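Engineer: Dropping a structure here in C-alpha cells format, bear with me for questions.
Laboratory data are not the source of any read-out in this text; all were calculated from the coordinates shown. Note that this is a predicted model, so its numbers are computed, not measured. When we count neighbours, we look across all protein chains shown, and the Cβ atoms used for this are built from the backbone with ideal geometry, even at glycine.
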Ligand code: C2E
Ligand code: CA
Ligand code: CA
C-alpha cells in the first residue's frame, strides 16, 4: 500500500507555527500552560516521526534498517501518547491547581507508560511491528494496543469533561470535547481511506481550536503596551499564593500621576505613545517577565522571590527615571509617579488582601505624608484593617438603610429664628464604636459607596421634612450635602427629582450643598445640574467657600441660593483685620448678587458679633447648637427641653 502524507506534512507546518506563537503567550508556570506546551511538543514529534517513518518504510531497501527501526519505534511510542498528553491537559484545565493533580497525573500515565515499555521491547518481541530487509514492514500481533491506548485516552477525555460539565464554562467543555470527537471522526475516515494519514491533522485542528480559545496570548496581554495584563497578574498571584503560601514575594505598583492631563493636552494618541515608552522602560528595569499593566496608568512589578537588593535598585532606577523628562513626538513631559510596595506575607495572606493592600499603599503614596513612595508596614495594615471594617459597616448600613441623620440648626438673623438645618450623616452605633464623618466620608467617597448612600440620605431627609411640615414647625429648608463623586452619575438630576417626587416633599424645602472643589472639578456638570434643579424649584448652596480655588466668575454665574463661608474665614477674620475687611467686602458682593451668606463654625459670642457686622444672613455653629438627632432637633425647634 502507498500512503499519502501530504495532509500530515501541511499540518506539521501549521503546528510548528502554533508552537512558536504559543511561546509568546501566557508565561505563567501553571500546569495547564506546561501541559499545553507538552501537547504541542508530543504531537509535533509524533507527526514528524510518522512522516519520516512512512518515507523510510517506503524506501526500506535504501535506508539503513536500524534507522527505520528507531524512527518507527518512536512513532509508535508517541502517537498514542498524543492522546495521553491531551488527556492530562484536560485534567489540568478542569482541576487547575488542585494539590492532588500531580498524583492524578502519575496514576493516569500508567497505561501510556506501560504501552511505551511494550514498544521499547518490540525489537525483541516483534509484537507491534516487524521490519526485515527481505519483507520490509509488517504488523505485529499486538498492534491493536496502539489504537486501544489512543481510544482509552480519548474516552477518558470525554468522561472527565462530561463528569465536570456542570462546573465548567460551556465553551471550555465544548473545546475540550473537540479533540476526542475529531479523533473518532478521523479514525472512521481512516478506516474508509487507509492510505491517507490523518491522525496528526486531527490533533493539529484540535490544538488550533484550543490555542485560539484558551491559550491565545491576546487573552493575557495588554493590547496597548504588550505587557501581561491585570488578569495575568491576578493569575500569577493566585499561583504563588497557592503553591508557595509562605514565600515572601514583593509587589510594586508604579502609578503615574495626572496622566489624564497628558491625554487632555496632547491627545489620546500621544498619551498612548507615552504609556508605551513608560512600559518599555519598566519592562527593562523591572523583574523579567513580571511587569504587568495594572490599570490605565498603573504598572505592577512582581518580584516572586526575596531579593531586597534587586528590589531596592529597581525602585531607585524607576524613581530616577521618573524624575527626568519624557519625549513623545514633539511633546516633552515631566510627570510624577508614586510607588506602592507590599510584601507577602507581611502585608497580605489572600489575593483580595494583596490587591487591597497594594491599592492602599498606592493611595497612601499619593498623600503628602509619604512623599511618593509607600511601603505598606504593620501600622498601615492596622489602618487598612480599620478601613476594611468601615467599608463593611458602610455596606451593611447601606443594605439595611440604617444610617442615622443628625441635623444642625441654622440661625436666621433677620427673623431671629432657626429656619434652616443642615443634615449630617452619623455612624455612632457600630461594632467598632462611633466613627466620625471626617473618617468615613472620604472612605465612602473613594469606594463610590457614597453615591447610593446619598440617595438614601436624600430620602430620609425628605421624610423628615414631611414630618416637620406635618407638625407645622416653621422650617424653610433643610440642607443636604452632595460630594464631588455624586456628579459622576449620568442620571443624577433624574434620580434626585425622582426621590423628591416619590416622597411628595415640596421642592423648595430642600437645598443641595456642594463644595468649591466639586465646582472646580466639574464646572459644566454642576452648572447643568444647578440649572435643572432651579427649573424644579430646588435650591443650591455653595459650601466651604474659601477653601478651594473655584473661579469666582463661575461661582457668581450659577444659580446659588446661598454661599456658606468656611469656618477658616471666620477664624482668620478674628485674627487679622485685613482678612476681616476682605471677607466683609466678599459678603457684600455676594449679597448684591442676590445670594444669602451663611457663616459656618461660629462658636463664640465674639465670632457671632463679627459675622453679624459683616452683614451675614444666617449663622451655623456650636454657639447655637451642635448637630442633633431628629428627636433632639424637634425638641430644640419646638422649644421643649
Ligand atoms: P460640612 O459639610 O462642612 O459640615 C459642617 C461640619 O462642621 C460638621 O461636621 C459640623 O458638625 C461641623 N461644625 C458645625 N458647627 C461647628 C462649630 O461651631 N465648630 C466646629 N469645630 N465644627 C462645627 P461633621 O458632621 O463632622 O461633618 C464633617 C464633614 O463631613 C462635613 O463638612 C461634610 O463634608 C461631610 N459630611 C457629613 N455628613 C455628610 C453627608 O451626609 N453627606 C456628605 N456628602 N458629606 C457629609
Ligand atoms: Ca455642608
Ligand atoms: Ca462646610
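Engineer: Would you calculate, for the chain, the mean residue ellipticity at 222 nm contributed by helices, counting each DSSP H stretch of 4 or more residues as -39,500 (n - 2.57) and dividing by all residues, to the nearest 500?
Structural biologist: Helix contribution divided over all residues of the chain: -18500 deg cm²/dmol.
Engineer: Continuing with the same structure: Ranked from highest to lowest mean number of other Cβ atoms within 10 Å per residue, what is the order of the peptides 231-237, 395-401?
Structural biologist: 231-237, 395-401
Engineer: Then there's this: Taking square-rooted eigenvalues a ≥ b ≥ c of the alpha carbon gyration tensor, is the stretch 210-368 rounded, prolate or oblate, where a/c under 1.5 means rounded and, failing that, a/b exceeding b/c means prolate?
Structural biologist: oblate
Engineer: Follow-up. Once each part is reduced to its C-alpha centroid, what is the distance from the stretch 280-300 to the stretch 591-620 in angstrom?
Structural biologist: 54
Engineer: Label residue 289 and residue 102 with points 7 Å out from Cα along Cα→Cβ: what is the distance between them in nm?
Structural biologist: Result for the modelled spin labels: 1.9 nm.
Engineer: Turning to a different aspect of this structure: Tilt of helix 605-614 relative to the longest C-alpha principal axis of the chain, in degrees (0 to 90, nearest 10)?
Structural biologist: Approximately 90 degrees, to the nearest ten.
Engineer: Give me the percent of Cα-Cα pairs in the stretch 1-140 that sit more than 18 Å apart, rounded to a whole number.
Structural biologist: Pairs farther apart than 18 Å: 62 percent.
Engineer: Given R₀ = 25 Å, what would the calculated FRET efficiency be for residue 66 paired with residue 135, taking r from the Cβ atoms and rounding to 0.05?
Structural biologist: The value I calculate is 0.95.
Engineer: Once you have a ≥ b ≥ c as the square roots of the Cα gyration tensor eigenvalues for the stretch 85-216, tell me rounded if a/c is under 1.5, and otherwise prolate or oblate according to whether a/b is larger than b/c.
Structural biologist: Oblate, because a/c is 1.5 or more while a/b does not exceed b/c.
Engineer: State the Cα centre-to-centre distance between the stretch 36-59 and the stretch 124-160 in whole Å.
Structural biologist: 15
Engineer: Oh, and also: Helix 492-503 versus the longest principal axis of the chain: what is the Cα-based angle in degrees, 0 to 90, to the nearest 10?
Structural biologist: Tilt of helix 492-503: around 60 degrees.
Engineer: In whole Å, how far is the Cα centre of the stretch 424-476 from that of the stretch 339-358?
Structural biologist: Spelled out, the Cα-based centre of one part sits 33 Å from the other.
Engineer: Taking the radius of gyration and the Kirkwood hydrodynamic radius from Cα positions alone, what is the Rg/Rh ratio for the stretch 302-360, to two decimal places?
Structural biologist: 1.11
Engineer: Same structure, new question: So what is the diffusion coefficient of the chain in µm² per second by Stokes-Einstein at 10 °C and 1.306 mPa s, using a Kirkwood Rh over Cα pairs?
Structural biologist: It comes out at roughly 51 µm²/s.
Engineer: What share of all Cα pairs of the stretch 511-641, in percent, falls into each consecutive 10 Å distance bin?
Structural biologist: The calculated distribution, bin by bin, is 12, 39, 32, 16, 1.
Engineer: Using the per-residue mean of other Cβ atoms lying within 10 Å as a proxy for protection, in what order, highest first, do the peptides 609-619, 12-22 fall?
Structural biologist: The most tightly packed comes first, giving 609-619, 12-22.
Engineer: Just to confirm the number: angle between the C-alpha axis of helix 144-163 and the first principal axis of the chain, 0 to 90 degrees, nearest 10?
Structural biologist: Around 20 degrees separate the two axes.
Engineer: As a test of the definition: which semi-axes, in Å, follow for the stretch 59-127 when you take the square root of five times each eigenvalue of its alpha carbon gyration tensor? Largest first, please.
Structural biologist: 33, 13, 7
Engineer: Output the peptides 470-482, 365-377 sorted from most to least packed, where packing is the average of other Cβ atoms within 10 Å over each peptide's residues.
Structural biologist: Going from most to least packed, we get 470-482, 365-377.
Engineer: List the relative contact order of the chain as a percent without decimals, with contacts defined as Cα pairs under 8 Å and 6+ residues apart.
Structural biologist: Relative contact order of the chain: 8 percent.
Engineer: Classify the stretch 377-472 as rounded, prolate or oblate, taking a ≥ b ≥ c as the square roots of the eigenvalues of its Cα gyration tensor: rounded when a/c is under 1.5, otherwise prolate if a/b is larger than b/c and oblate if not.
Structural biologist: prolate
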